[in-house]
Amino acid sequence: MYLHSKIFVSAENRVTDIIKENPLMMLVIENFGVYDIKKEQTVAQLCQKNKINESLFIQICNLHNGYYLDHSIEYQNEDLFTIIKYLQNSHLYYTQEKYPEILSDIKKLHDISKLDILKIIEQYFEEYFNEVRDHMRYEDRIAFPYFKNLILENKNTESDYSSTTYREHHTDIESKLDALKELFIEHIHFQGPNHLRRKILSDIYELEFELYIHSSIEDLILIPLVDQIEKGV
């Protein structure tokens, strides 16, 4: 698992300090739709200004710092919109930034080294990337609109879809990076240092960790909240 820090984020922390401790926090904050961070702004102030549930924000930050989820926290129905916004923004990061960056670097490494195995890795990663895009397109077009309608239509939506359907369809996309890591560590060899090989491997580990957090948010926060809304609790 890819960790930068062990700081436990609280409402009193300055936002700039948690970013200094763990650069991935910049991505977390952007996924919440926040881009303007003031120098002395605390977590509590950022959440209040941007109408974000403070407990939800802190939970996701602490997941990124390696802490377990606090299951005692209760979420309101309105938090569903924030969670979905966060997940959709992370989809854009994966599909428009991180995956294309890794794929581009694999192609560059193949062009430089001419290693046959890198062409195989390139094809494997492209197929995997297509699977990830299909998975995220399904969530954006089918699952998330259904979840929003549970609130927008006062839970009167007539649909065969449910959180159970979503749970059954949910795939473990981060685990499929294991084969890619093994190939790079065990089978890609150079006579000297190679910065692209190091960069790709580092990016894969970071991506794997970020996808793990993404799945944790869906499994441990989103789905229980949707279950609660469907049951009218």
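The values are calculated or read from the model by the stated rules, or taken from the named source; none is laboratory data. Note that the structure is a prediction, hence the values are computed from the model and not measured. Every residue, glycine as well, gets a Cβ built from its backbone with ideal geometry; the counts of neighbours run over all protein chains shown. These area figures cover heavy atoms from the full protein model, side chains too; ligands, DNA and RNA do not enter into them. Shrake-Rupley method; radii C 1.70, N 1.55, O 1.52, S 1.80 Å.
Using alpha carbons only, how many degrees (0 to 90, rounded to 10) separate the axis of helix 79-93 from the longest principal axis of the chain?
Rounded to the nearest ten degrees, it is 20.
At q = 0.23 Å⁻¹, what is the base-10 log of I(q)/I(0) for segment 3-85 according to the Debye formula with one equal point scatterer per Cα and no solvent? Please give it to two decimals.
Taken in order of the listed q values, log10 I(q)/I(0) reads -1.20.
About the Cα centre, and with charges only on the beta carbon of Lys, Arg (+1) and Asp, Glu (-1), how big is the dipole of the chain? Nearest 20 debye, please.
Dipole size: approximately 740 debye.
Using alpha carbons only, how many degrees (0 to 90, rounded to 10) separate the axis of helix 99-113 from the longest principal axis of the chain?
0 degrees
Step through the residues of segment 185-201 one at a time and calculate ³J(HN,Hα) from phi using the Karplus curve (6.51 cos²θ - 1.76 cosθ + 1.60, θ = phi - 60°), rounding each to whole Hz and writing x for Gly and Pro.
Calculated HN-Hα couplings, in order: 6, 9, 10, 9, 10, 10, 6, x, x, 9, 5, 5, 4, 5, 5, 4, 4 Hz.
Report the relative contact order of segment 1-73, percent, no decimals, based on alpha-carbon pairs under 8 angstrom and at least 6 residues apart.
About 41 percent, as a whole number.
In µm²/s, what is D for segment 39-147 at 4 °C and 1.567 mPa s, where D = kT/(6 pi eta Rh) by Stokes-Einstein and Rh is the Kirkwood radius from Cα pairs?
76 µm²/s
Defining a contact as two alpha carbons under 8 Å apart and six or more residues distant in sequence, what relative contact order in percent does the chain show?
Values: 185 pairs, mean separation 53.4, N = 233.
Relative CO of the chain lands at 23 percent.
Give me the distance in nm between label points sitting 7 Å out from Cα along the Cα-to-Cβ direction at residue 54 and residue 228, one decimal.
1.8 nm
Can you tell me what percent of all Cα-Cα pairs in the chain are more than 30 Å apart?
Details: 8940 of 27028 pairs.
Considering the chain, 33 percent of its Cα-Cα pairs are separated by more than 30 Å.
How much mean residue ellipticity at 222 nm does the chain get from its helices, if each DSSP H run of length 4 or more adds -39500 (n - 2.57) and you divide by all residues, to the nearest 500 deg cm²/dmol?
-19000 deg cm²/dmol
With viscosity set to 0.890 mPa s at 25 °C, what whole-number translational diffusion coefficient in µm²/s follows for segment 174-233 from Stokes-Einstein and a Kirkwood radius over Cα pairs?
176 µm²/s
In whole percent, and with a 1.4 Å probe on the protein chains, what portion of the accessible area of the chain is carbon and sulfur?
49 percent
Give me the accessible area per residue for the chain, probe 1.4 Å, as a whole number in Å².
With the other protein chains kept in place, the chain gives 52 Å² per residue.
On a 0 to 90° scale, report how tilted helix 116-138 is relative to the longest principal axis of the chain, with both axes built from alpha carbons and the result rounded to the nearest 10.
It is inclined by approximately 10 degrees.
Can you run phi through the Karplus equation (6.51, -1.76, 1.60; θ = phi - 60°) for segment 26-34 and list ³J(HN,Hα) in whole Hz, with x for Gly and Pro?
4, 5, 4, 5, 5, 5, 7, x, 10
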